[in-house]
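Visitor: The following block contains the structure, expressed as structure tokens.
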Amino acid sequence: MQVRLGTAVSQVTPQEVHLADGTSIPTQTVVWTAGVRGEIPGGSGNLPQAHNGQVEVSPTLQTLMYPGVYVIGDLSHFMEAGQPLPMVAPVAMQQGVVAAQNILRQIIGQAPQPFHYRDPGTMVTIGRNAAVAYIKGRSFTGFFAWLVWLGVHLFRLIGFRNRLVVMFNWAWDYLFYERSVRLIIPLGRKENECI
């Protein structure tokens, strides 16, 4: 297997991945995991966009040209403190709540309120008993951060039954060392053969 860093992809076809340097990688399956980009239904029309294709919005999350249209999440180019907000789920969830409240405010004749992002922190699990968490200005690493990651994700689930099922599945995988990665391999290909 070969890892290429700092290599831009210029085109993806069903048979090859073409790189900006002119080389190509033959493949049968492409899994794109770098970058997120939302799709504007019906195309962009004449909505003002940022350089990355996101729709520019006002502080109230409304489009600049159509105040009755709200854009949130990965499609929304929202600047706060001179920086665009990260393309992560907490941003989209908070924007969704504010957009819904603003729509209701408009229905009853009130002015929409501006959106302000409340950063809940950043967490990532690295592996078994290992994680990194940055919450409210404090950094945690290792086993404790992993427990924090588990707790936050369980707390965010809706419903006691969902929490119980997920907790049971995680405990089972943890105690019995279940494989967390499942590969789908075409017939005739060996499991350890790389593309």
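Visitor: Across the range 59-186, how large is the tail of the calculated P(r) beyond 24 Å, expressed as a percent of all Cα pairs? Mind dumping the intermediate values first?
Guide: Working: 4002 of 8128 pairs.
Percent of Cα pairs beyond 24 Å in the range 59-186: 49.
Visitor: Enumerate the amide H contacts of VAL17 below 5 Å, restricted to partners 5 or more residues apart or on another chain; note that Pro and chain-start residues carry no placed amide H.
Guide: Under 5 Å from the amide H of VAL17: ILE25, THR27.
Visitor: Further question: With every protein chain present, what accessible area does TYR66 have (1.4 Å probe, heavy atoms only), rounded to the nearest 10 Å²?
Guide: TYR66 exposes around 100 Å² with every protein chain in place.
Visitor: What is the Cα coordinate range of the range 55-130 on the first, second and third principal axes, sorted by size from largest, in whole angstrom?
Guide: Principal extents (Cα only, largest first): 52, 23, 19 Å.
Visitor: Would you grab the residues whose amide H sits under 5 Å from the one on GLN49? Only those 5+ places off in sequence or on another chain, please, with H modelled 1.01 Å from N.
Guide: So GLN49 has HN proximity to GLU56.
Visitor: How much of the accessible area of the range 87-152, probe 1.4 Å, is carbon plus sulfur, in whole percent?
Guide: Numbers: 2760 of 4190 Å².
C and S atoms contribute 66 percent here.
Visitor: Determine the per residue accessible area of the range 51-150 with all protein chains present and a 1.4 angstrom probe, expressed in square angstrom.
Guide: Value for the range 51-150: 60 Å² per residue.
Visitor: Return the whole-Å distance between the Cα centroid of the range 126-172 and the Cα centroid of the range 46-113.
Guide: 30 Å
The values are calculated or read from the model by the stated rules, or taken from the named source; none is laboratory data. Since the model is a prediction, treat every value here as computed from it, not as a measurement. Just so you know, the surface numbers come from the protein's heavy atoms only, side chains and all, with ligands and any DNA or RNA stripped out. Shrake-Rupley method; radii C 1.70, N 1.55, O 1.52, S 1.80 Å.
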